1. Quick check on this structure: which one of B:83, B:45 is under 12 Å from the mean Cα position of the chain (by Cα) and more than 14 Å from chain A (Cβ to nearest Cβ)?
2. List every residue pair whose Cβ atoms sit under 6 Å apart, with the two residues 6 or more apart in sequence or on different chains, where the first one lies in region B:20-36 and is at negative phi and within 7 Å of chain A (Cβ to nearest Cβ) and the second, anywhere, is open to solvent by 10 Å² or more (accessible area, probe 1.4 Å) and at pLDDT below 95.
3. Being part of a helix (DSSP H, G or I), in the same structural domain as residue A:290 (by TED's automatic domain parsing) and over 27 Å from residue A:292 (Cβ atoms) narrows it down to one residue among A:205, A:223; which is it?
4. Quick one: in region A:142-195, of everything that is farther than 25 Å from residue A:228 by Cβ and within 12 Å of chain B (Cβ to nearest Cβ), which residue is most open to solvent (accessible area, probe 1.4 Å)?
5. Would you check if there is a residue in region B:98-110 being within 9 Å of chain A (Cβ to nearest Cβ) and among the small types (Gly, Ala, Ser)?
6. Do we find that residue B:40 is under 30 Å from residue A:162 (Cβ atoms) and either within 14 Å of another protein chain (Cβ to nearest Cβ) or open to solvent by 10 Å² or more (accessible area, probe 1.4 Å) (or both) in this structure?
7. Just checking, how many residues over region A:13-33 are modelled with pLDDT of 95 or more and touching a Phe, Trp or Tyr at 6+ places or on another chain (Cβ under 7 Å)?
Amino acid sequence: MTRVVEIPQSLDDRSFDQLAAGIVDWPPEEKLLFDARGAQWASPYGLIGILTAGQALAEAKRERPLLTVPNSADVKSYWARTGFFRHAEQLFELHGRAPRPPASPPSDVLLEVTPVRASEDVHSVVNKISETASRILHTELGLEMKATMRFSMALSEACQNIVEHAGTGGWVAVQTYNFRRRLGRNVVVIAVSDAGIGFRRSLEATHAKRFGDRWGDGTALEAALIQGVSRFRDPGRGQGLAFIKRFLDQWEGKISIRSGTARLSIVPPWDEDVPLSERLPFFPGSQVQITIPAQREPVR
Amino acid sequence: MIQTICIGDLLQAELATPFRRLLTRPTGAAIRGRIERALAGSVCLTALLDFSDIELLDLSCADEVVAKLLMAVRDRAEQYVALFGLSEDQHEAIEHVLTHHHLAIAAVPPGRSAPRLLGWVPADARHAFTCLCTWGPLHPIGLARALGWSENRAATSLEDLTLLRLTRLAAGLYHPLPLA
C-alpha cells in the first residue's frame, strides 16, 4: 500500500501542518508518495521540510518514498535553482523530470538548500553567505550595517543547534521574498530543519521532572526558547536562541520553532500567528524559521 | 609586562582558512586551548587578547573563548586577562555571555583610551573602576573621599572588582590592571 501525502499548493510554515497531517502515523507503515504536482510555491521552510521527511523515513528504515515533481515548469525550475532536487534525488524516488540546476542560484536565494551535519558545515554556510547577506540586508532590507554580523551570528547559532542537539543531520536555506499578504514588505527568511530527536526528547532527561504532567513538546519549546535551558549541564549552553530572540526584538523579526506536535513563535506586531500551537500533527525533528522584515525607513 | 595574543593568528593556525570568523563551540574550545598554552608559558601579569583581525564572533565562540577562559584562569593569582580590538557586535556577544555567567572583563578600545567593562559588574564597582583608571592605585579611604562614599561602600566595590579580577590588590592598595 502507498499513502499519498499531498504537498499544499503554497507550502510554508503554516501550511506545513497539512503535509505533516498527510503522513498520519509516525513512523508510517505504508510507503509514502509526496505529491507535489499541484505545488505553486514553496518557502525555504517548506522545501527543507520535505527533505527532512525523506531523511527521517530513511533513518527510520522505511521504504524509499516517492516524490512527484511539480507540474508547473516555473515552479520546478525554481525548486531546481534552490538546489532542492539535487538533495531530493538522494532521498526520494523522483517521478517526473526535474530540471538540472544552473551554475548559480537565483538572486533572491541567499543560501541554497544546504545540508548541515557537522561544525565544518556551519563554517561553510556562514562563510558562503556573509558577503551576499551584507548587500541584501543593508541595501534591500534597509537594516543597519551591524545587522549583517548579527544575522550571521543568528544563522550560525541556528545551524549549531542541529549539530549539538539533533543527533542527526539537517538542512538550512536562506531566501528573500515579498511577504505580500502578511506584511506587505520584503523579508529575509532563515529556515533550518532536522530529522533528529526534537526538543522534548533532547531536554527530557534533565528538565522533564520539574514540569511534571505538563511536560510535552510545547513546554519543551518554552523551556528552550523562553527560559534558555539546554540539555547540557554546562551553564554556558542554551544562550543561542535567547540571543537570536533579542536581535529579532530589535528588528521586529519573528522566530517560530516547530518540534513534534507543537509550534512556539515569538510573534511581532505585524503577524497574527498564535504564540503556542499544540496538538499539531506529529512531524519528526525540529523546524526553525527566522523572519526578518525590511525596515520601514530605508538606510541611505 | 603585557603579553599580546593575536586571536586571528591562532584561528589561522587552527583552521588554515583565509576566513577570520570565530564560529562554533569546537573551534572556540580549540582556540581557548591555544590561549591557555600561551598563558602557561608566560611570566606577564596581563594577557591582552587581540581580536582586531576577527571579523565575526558568534555566541558559542564568545562563551568558549572568553567566558570559559576567565573561569580557567580565575585561580591564577598573578595572571589577568583583558581584550583589545573588539567591534561593537563582538562587545555585545561577549557582554551577553559574561553577564549570563556573572563574569566580567576589561576591553581596551582602539587608541588605548579608558577600558570598557563587559559583563556582570555592580554599578558601584563600575564607578570604582573608572576612578582607579583615572587616579591610579587607591586605598578604600582614598576612593571613599574621591567619590563621596562611605568607606564601607568603597571597600565593597573594590573587593567586587578584585573578585572579578578587574583590579589587583598589592600592599593594601587596589591597582588597575596594566593594560597599555
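The values are calculated or read from the model by the stated rules, or taken from the named source; none is laboratory data. In this text, all values refer to a predicted model and were calculated from it rather than measured experimentally. Neighbour counts run over all protein chains shown; Cβ positions are idealised from the backbone, glycine included. Remember, those area values only see protein heavy atoms, side chains included, never the ligands or the DNA or RNA. Shrake-Rupley method; radii C 1.70, N 1.55, O 1.52, S 1.80 Å.
1. Only one candidate passes the filter, namely B:83.
2. Close Cβ pairs (under 6 Å, with a partner that is open to solvent by 10 Å² or more (accessible area, probe 1.4 Å) and at pLDDT below 95) amount to B:21/B:55; B:23/A:123; B:26/A:119.
3. A:205
4. That would be A:145.
5. no
6. In short, no.
7. Residues meeting the conditions: 2.
To keep it simple, each residue is scored yes or no on (1) within 25 Å of residue A:87 (Cα to Cα); (2) of a type outside the set (Gly, Ala, Ser).
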{"residue": "A:144", "(1), (2)": "no, yes"}
{"residue": "A:154", "(1), (2)": "yes, no"}
{"residue": "A:181", "(1), (2)": "no, yes"}
{"residue": "A:186", "(1), (2)": "no, yes"}
{"residue": "A:190", "(1), (2)": "yes, yes"}
{"residue": "A:197", "(1), (2)": "yes, yes"}
{"residue": "A:201", "(1), (2)": "no, yes"}
{"residue": "A:208", "(1), (2)": "no, no"}
